[in-house]
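Everything below concerns the one structure shown next.
The values are calculated or read from the model by the stated rules, or taken from the named source; none is laboratory data. The shown structure was predicted, so the numbers you read here are calculated from the model rather than taken from an experiment. Glycine also receives a Cβ, built like all others from the backbone with ideal geometry; neighbour counts cover every protein chain displayed.
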Amino acid sequence: MPLLLLIYLFAEPLKAAFGPEVGVFILIVLVIGGFRWMRVERLVRAQFLSLREKEFVEAARALGATTTRQVWRHIPPNALGPVIVAGTIDVAAAIIAESHPVVPGLGLPARHPHLGTHPCSTARTMDIASHWAVFRAWPSFWRC
């Protein structure tokens, strides 16, 4: 699990340099962002390579459109749909990945609101409203 390993290795130096909250926040954002962009990049590249062989791009090429015009005017509007879907799914995966470091104690402190604190904060209200535990802990347990 490279996410937890990288956070474990670099948590203490960043805490010493930026403080406990800011250092861990910077680390989590950099690690999640550094590992999440590659899938979307592959999707964008595959879409561009696929769309450059389509009929509407060949028609634009036959009508004399330059390569720059093809790349900026014809291909991106058609490649945008799958990229938006992948980005939406990736944002949800990044939110869930943010709650992973909380379990071994490497994430943000408990006083900062994030998905990893929901199961802990629900434990106080289990005797009053036990249904809250199911709905608040579900995103954290879904990742397992």
- prompt: Any idea which residue in the range 36-84 is farthest from Ile95 (Cα to Cα), counting only those that are aromatic (Phe, Trp, Tyr) and surrounded by 12 or more Cβ atoms within 10 Å (Cβ to Cβ)?
  reply: Phe56
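I'd like the full set of residues that are within 18 Å of Leu43 (Cβ to Cβ) and in a loop (DSSP other than H, G, I, E, B), limited to the range 54-77.
Lys54
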- line: If we ask which residues in the range 11-53 are closer than 19 Å to Ala79 by Cβ, in a helix (DSSP H, G or I) and more than 23 Å from the chain's Cα centre (by Cα), their number turns out to be 3
- prompt: in the same structural domain as Phe25 (by TED's automatic domain parsing) and either more than 30 Å from Leu27 (Cβ to Cβ) or not in a helix (DSSP H, G or I) (or both) - does that describe any residue in the range 84-95?
  reply: no
